[in-house]
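One structure follows; several queries about it will come next.
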Amino acid sequence: MPRIERSAHVTWAGNVARGTGHLTGNTGAFTDLPFSLPTRIGAAEGKTSPEELLAAAHAGCLTMSLASELTQAGTPPEQLEVTCKIVMDEVGDEGHQIVASQVTIGGDAGGLDDELIARAHAGCPFSTLLGKAGVAVEITRV
């Protein structure tokens, strides 16, 4: 696979407590997604957060890895349903840290078993990144 590079641009106005920002992907796939501290730590009110984007990235990456493993096993999925929740918490003297990525996997996929999920997890760059950062990656199959 060739080297992959993607980027995003963020604008922010104001202080951290009352300011607001907007995220735009340079591909144009998403533009001006609003975010702020109050909506990051409280009710989202239709705005996003870095944690939500990380959850989407991890779920998307793992889903593609699952589809690849299932296809290689001769049982391509009809449909996969993957949900990811990123957990940030206060960690001692380190402040707020990402401490967990809780993933739930379901859908219509014959051949989906714990061994295949483990291979997909090992082959997912976001799972690897989170694991190397000390984040607990918890995967549940429904």
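Yes/no per residue for (1) on the phi < 0 side of the Ramachandran plot; (2) surrounded by 12 or more Cβ atoms within 10 Å (Cβ to Cβ); (3) assigned by TED's automatic domain parsing to the domain that holds Gln102; (4) not in a helix (DSSP H, G or I):
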residue: Arg3; (1), (2), (3), (4): yes, no, no, yes
residue: Ala17; (1), (2), (3), (4): yes, no, no, yes
residue: Gly21; (1), (2), (3), (4): yes, yes, no, yes
residue: Thr24; (1), (2), (3), (4): yes, yes, no, yes
residue: Ala29; (1), (2), (3), (4): yes, no, no, yes
residue: Gly60; (1), (2), (3), (4): yes, yes, yes, no
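Then there is this: What are the pairs, 6+ residues apart or on separate chains, where a residue within the stretch 37-57 that is under 17 Å from Val137 (Cβ atoms) has its Cβ under 7 Å from a residue that is surrounded by 15 or more Cβ atoms within 10 Å (Cβ to Cβ)?
Final answer for the pair search is Glu51/Ile86; Glu51/Met88; Leu54/Ile86; Ala55/Cys84; Ala55/Lys85; Ala55/Ile86; Ala57/Phe126.
Here is a further query. May I ask you to list the residues in the stretch 62-87 that are among the hydroxyl-bearing types (Ser, Thr, Tyr), more than 17 Å from Gly110 (Cβ to Cβ) and assigned to a helix (DSSP H, G or I)?
Ser65
What are the residues in the stretch 65-91 that are closer than 15 Å to Pro125 by Cβ and either among the hydroxyl-bearing types (Ser, Thr, Tyr) or loosely packed, with under 15 Cβ neighbours inside 10 Å (or both), if any?
Answer for the stretch 65-91, where residues must be closer than 15 Å to Pro125 by Cβ and either among the hydroxyl-bearing types (Ser, Thr, Tyr) or loosely packed, with under 15 Cβ neighbours inside 10 Å (or both): Ser65, Ser68.
Using the structure shown, decide if Glu138 is in a strand (DSSP E or B), among the acidic types (Asp, Glu) and out of contact with any Leu (no Cβ under 8 Å at 6 or more places or on another chain).
Judged against the criteria, Glu138 is a match.
The values are calculated or read from the model by the stated rules, or taken from the named source; none is laboratory data. Everything numeric here is computed off the predicted structure, so don't read it as measured data. Because the Cβ atoms are built from the backbone with ideal geometry, glycine has one as well, and the counts that use them run over all protein chains shown.
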